[in-house]
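The values are calculated or read from the model by the stated rules, or taken from the named source; none is laboratory data. Only a predicted model underlies this, so the values are computations on that prediction, with no experimental measurement involved. So basically every Cβ, Gly included, is an ideal-geometry build from the backbone, and we count neighbours across all protein chains shown.
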Amino acid sequence: MDHAPARRAIDRRQVLKAAAWSAPVVALTVATPLAAASDEPPSATFAQQLWDIVAPSGVQTQFGLYGRAVQGGQMVDATLPAGTSVTFAPPLAGTVSVTTAFGTVVENLDGSVTVVFGTGHTEVLAYVTFQGYGTASADGFVPGLTPETFSVYQTVV
């Protein structure tokens, strides 16, 4: 006598129940890579300045401050914190003007000019013109980074 094993029929309710449980898992698996691949830059762990060493008197020079961080063993652009500012001091018996900046420009009583930059920038730029001769400086404040303050100098000829 040949006995074939009894075939068990799949109940429609079991199929629907399995599909209902697997749908959220599939949706979560698909959505996770999109969230992980965000284009938002990290917060800066340090700032890097870019400025010419020598500037002719009366000629516009560019000052750059860049937020930087190390991510995955590589240097990447990073967002500078709110409240980042740079004060440009003129050379002795000279003047300074900031013609274009991404931020609020304040002319100080001592002849210096302070630029307070907004939030969400990985780099901030100021176009600065010095009149006179001697050493000019840019004194910066980057809250929360080490060091929080910096000074860079430029010879005006």
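Summed over segment 58-104, residues that are of a type in the set (Val, Ile, Thr), more than 21 Å from PHE141 (Cβ to Cβ) and modelled with pLDDT under 90 total 1.
For first residues located in segment 61-90 and more than 17 Å from THR119 (Cβ to Cβ), partners that are among the basic types (Lys, Arg) and part of a strand (DSSP E or B) and lie 6+ apart or on another chain with Cβ distances below 6 Å form the pairs MET75/ARG68. The residues of segment 105-121 that are modelled with pLDDT under 90 and buried (at least 17 other Cβ atoms within 10 Å of the Cβ), listed by number, are PHE117, HIS121. Whether any residue in segment 10-23 is of a type in the set (Phe, Trp, Tyr) and at pLDDT below 90 is what I want to check. Yes, segment 10-23 contains a residue that is of a type in the set (Phe, Trp, Tyr) and at pLDDT below 90. Taking segment 132-150 as the range and being of a type in the set (S, T, N, Q) and either surrounded by 15 or more Cβ atoms within 10 Å (Cβ to Cβ) or in contact with a helix residue (DSSP H, G or I) (Cβ under 7 Å, 6 or more places away or on another chain) (or both) as the test, only SER137 passes. Summed over segment 59-87, residues that are exposed (fewer than 12 other Cβ atoms within 10 Å of the Cβ) and at positive phi total 2. The set of residues from segment 123-148 being out of contact with any Leu (no Cβ under 7 Å at 6 or more places or on another chain), β-branched (Val, Ile, Thr) and either under 22 Å from ASP77 (Cβ atoms) or part of a loop (DSSP other than H, G, I, E, B) (or both) comprises just one member, THR146.
Would you check if there is a residue in segment 96-103 being on the phi > 0 side of the Ramachandran plot and in a loop (DSSP other than H, G, I, E, B)?
At the first step, the residues of segment 96-103 found to be on the phi > 0 side of the Ramachandran plot are 103.
Now drop any that are not in a loop (DSSP other than H, G, I, E, B), which leaves 103.
Yes, the conditions are met somewhere in segment 96-103.
Among the residues of segment 40-76, the one identified as assigned to a loop (DSSP other than H, G, I, E, B) and of a type in the set (Phe, Trp, Tyr) is TRP51.
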